[in-house]
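The values are calculated or read from the model by the stated rules, or taken from the named source; none is laboratory data. The structure presented is a predicted model; accordingly, all values stated were derived computationally and were not measured. Cβ placement follows ideal geometry from the backbone for every residue including glycine, while neighbour counts extend to all protein chains displayed. Just so you know, the surface numbers come from the protein's heavy atoms only, side chains and all, with ligands and any DNA or RNA stripped out. Shrake-Rupley method; radii C 1.70, N 1.55, O 1.52, S 1.80 Å.
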Amino acid sequence: MRLICKRVIIRDLSFKDFDDYYEYAVRDTIGPMAGWKPIPNEEVGRRVFSSMILQKDVFAIELIENHKMIGTISIYNYGIRKYKYVKQLGFSLNDQYWNKGIMTEVVLNVIDYIFHKTDCEVIEVGHHSDNFASKRVIEKCGFLYDGRLCKYKELYDGRIIDADFYSMTKEDYERKVKYEQGIKTKI
């Protein structure tokens, strides 16, 4: 996949992205909000990053202005729904680029890609209940709240967290696009 957006390119991960990944993956501001332990050292970082490349469902977010990889977005071919036409999104972003609208730009472009280039009918996305930054991105992108799963999972540090889940159907997306284009439709 290669999507050229206003400020970023969404593309396949490459081993050349490791230094940019490692720069933010070691910080305790990134991983814990997404449920993963900060990378403790370069050796572990290389193993984790290699597995992300091999999965083929994790993509780089690259700034157009300087070609720096500043985050990732994942498009998983499974979700909490047991339905074959579901994809689930996950994302992380270097905290130096938070609160600039970049992740919203990325997610909106990936939604469009998924609904126009795959057979997906429903996109799911979730966040830990205390991750308000991800919640804001998800809501700005037009996902509808499905609910909270209490005691969703145990994290690496032993904490048990709740998670909030959202979804968007292809039909919801098409109505949203038509509305934004000024075409009024009955909802």
| request: Any chance you could give the angle, 0 to 90 degrees and rounded to 10, that helix 170-180 forms with the longest Cα principal axis of the chain? | output: 70
| message | Distance cut-off 24 Å, Cα to Cα: go down the list Lys56/Lys176; Lys82/Lys178; Lys37/Lys170; Lys82/Lys117; Lys56/Lys178; Lys84/Lys178 and report the pairs above it. | response | Lys56/Lys176; Lys82/Lys178; Lys37/Lys170; Lys56/Lys178; Lys84/Lys178
| request: Could you list which residues have their amide H under 5 Å from that of Leu13, counting only those 5 or more apart in sequence or on another chain, with H placed in the peptide plane? | output: Ala60
| query | What list of ³J(HN,Hα) couplings, whole Hz, do you get for the range 56-66 from phi and the Karplus terms 6.51, -1.76, 1.60, once you set θ to phi - 60° and write x for glycine and proline? | reply | 6, 10, 10, 10, 7, 10, 10, 5, 5, 4, 9
| If one computes P(r) from the Cα atoms of the chain, what percent of pairs lie at distances over 23 Å? | 44
| note | In degrees rounded to 10, the 0-90 angle between helix 42-55 Cα long axis and the longest Cα principal axis of the chain is 30
| request: Measure nothing fancy, just the Cα-based angle from helix 102-117's long axis to the longest principal axis of the chain, in degrees from 0 to 90, nearest 10. | output: 60
| field | Rel. contact order, % - alpha carbon contacts under 8 angstrom, at least six apart, the chain | value | 17
| remark: Classified through the alpha carbon gyration tensor (a ≥ b ≥ c as square roots of its eigenvalues; rounded if a/c is under 1.5, else prolate when a/b is larger than b/c, else oblate), the range 42-120 comes out oblate
| task | For the chain, give the percent of accessible area contributed by carbon and sulfur heavy atoms, probe 1.4 Å, rounded to a whole number. | result | 52
| task | Could you please put Asp162, Asp17 in sequence from largest to smallest accessible area, using a 1.4 Å probe? | result | Asp162, Asp17
| query | What is the range 1-91 by shape, rounded, prolate or oblate, if you read a ≥ b ≥ c off the alpha carbon gyration tensor as root eigenvalues and call it rounded for a/c under 1.5, prolate for a/b larger than b/c, and oblate otherwise? | reply | oblate
| task | Provide the per residue accessible area, probe 1.4 Å, for the range 60-187, rounded to a whole number of square angstrom. | result | 55
| request: Can you pull the one-decimal nm distance between simple spin-label points at Val44 and Tyr156, each 7 Å off the Cα toward Cβ? | output: 0.5
| field | Theoretical gain in end-to-end length, Glu65 to Lys178 [0.36 nm per residue, Cα-Cα removed] | value | 37.5 nm
